[in-house]
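Shown next, in structure tokens, is the structure this report addresses.
Where a number appears in this text, it was derived from the coordinates with a stated rule and is not lab data. All values reported here derive from a predicted model rather than from experimental measurement. Neighbour counts run over all protein chains shown; Cβ positions are idealised from the backbone, glycine included.
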Amino acid sequence: MRVFDAHLHIQPWRMLKPGAYETFKKSHSDFDRLLELADDPRKFLALMDRERIERAALINYVSPDVMGFTEEVNEFISRYCQAAPDRLIPCGSLHPRHTQDPARQMDHLIQDLKIKMIKIHPPHQLFYANEYLHGLEALRIIYEKAQEYGIPVLVHTGTSIFPGARAKYGDPLALDDVALDFPRLKIILAHGGRPFWTEESFFLLRRHPNIYFDISSIPPQNLLKYFPRLEELTEKTLFGSDWPGPGVKSIRANVDQFLEIAINDESKRKILYDNAMKLFGL
Ligand SMILES: [Zn+2]
């Protein structure tokens, strides 16, 4: 089956703040190789070839306070993906509290840098995904622009273990407001609220036609425990490995585990490839 990994990380790891850098380095014995892969897209494309991964969305986000990532990540991932624009999909980000002119910056990201998805990371950016209702106007502008351009917004839902991250912001229920207030915005719940908000996520996925989710960071062998009615969500589920996240040996290993689960082949095909193609308008 063809594979579109809708959620993996090629990031400028050297930008990490000391605490986050140590946390990341400690959990990756192949840390030097990860730096090399992030330095050279040809090396990463060779890895994708070996592991038979056709396309991938490369996730980046801005989190100066918790992680150390600044708006420079957008230039980084835009340049990186130019090595193979048909295979590498750049995902960028703004931080609504740090960006000067969100409307102009969104235009720049999408028009000039060809960013194809915007990531919001509430536990690492330290606000609720619906905080535009309580004065965070820049967040409203980011959603409005993404809706206008028709590009999806990927929102981290669930916990995070990095120093300084605040888990409460990972509650997906805040996206109930976003789905209602921006009815044409394509919203993707990254990680489906794992580990303890998966029922909320299931509710949101069934309630809102514009909410999707990716299965990244959910070990595939546990996917049906978290989402026993996964087949009802066939059209709204995207495969994502979250590589090189903790516990992900390789993208291929993650794909192979997913192929083992007890759902029908048609659903697997959609989740592994077709849904992402449709969502990115490819
Ligand atoms: Zn991720």
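Here the average projected area of the convex hull drawn through the C-alpha atoms of the range 1-122 stands at 7.9 nm².
From the Kirkwood radius over Cα pairs of the range 138-276, Stokes-Einstein at 10 °C and 1.306 mPa s returns a whole-number translational diffusion coefficient of 103 µm²/s. Between the listed residues GLY19, ASN60, VAL3, the Cα displaced farthest toward the positive end of the dipole of the chain, a dipole computed from Cβ unit charges relative to the Cα centre, is found at VAL3. In the chain, helices alone account for a calculated mean residue ellipticity at 222 nm of -9500 deg cm²/dmol, with every DSSP H run of four or more residues adding -39,500 (n - 2.57). If R0 equals 22 Å, the separation of the Cβ atoms of SER27 and ALA167 corresponds to a calculated FRET efficiency of about 0.75. Each of GLU75 and SER250 was given a label point 7 Å from its Cα along the Cα-to-Cβ line. The distance between the two points is 3.5 nm.
Specify, per residue and in Å³, the volume enclosed by the convex hull of the alpha carbon atoms belonging to the chain.
Spelled out: Cα convex hull of the chain, divided by residues, is 112 Å³.
Seen from all directions on average, the range 35-181 presents a Cα convex hull projection of 9.1 nm².
The convex hull built on the alpha-carbon positions of the range 206-255 has an orientation-averaged projected area of 3.7 nm².
With 0.36 nm allotted per residue and the present C-alpha distance subtracted, the ASP65-GLU235 stretch has 57.6 nm of extension available.
Kirkwood hydrodynamic radius computed over the range 195-279 comes to 13.1 Å, based on all pairs of distinct alpha carbons. Listed by chain and number, the lysines placed with their C-alpha closer than 30 angstrom to that of LYS225 are LYS26, LYS119, LYS168, LYS186, LYS236, LYS249, LYS268, LYS270, LYS278; residues fewer than eight positions away on the same chain are left out. Counting only Cα atoms, the range 65-120 measures 33, 24, 15 Å along its principal axes, largest extent leading.
What is the percent of Cα-Cα separations in the range 108-215 that go past 23 Å? Tail fraction, whole percent: 22.
With Cα atoms defining each centre, the range 29-77 and the range 91-160 are spaced 20 Å apart in the structure.
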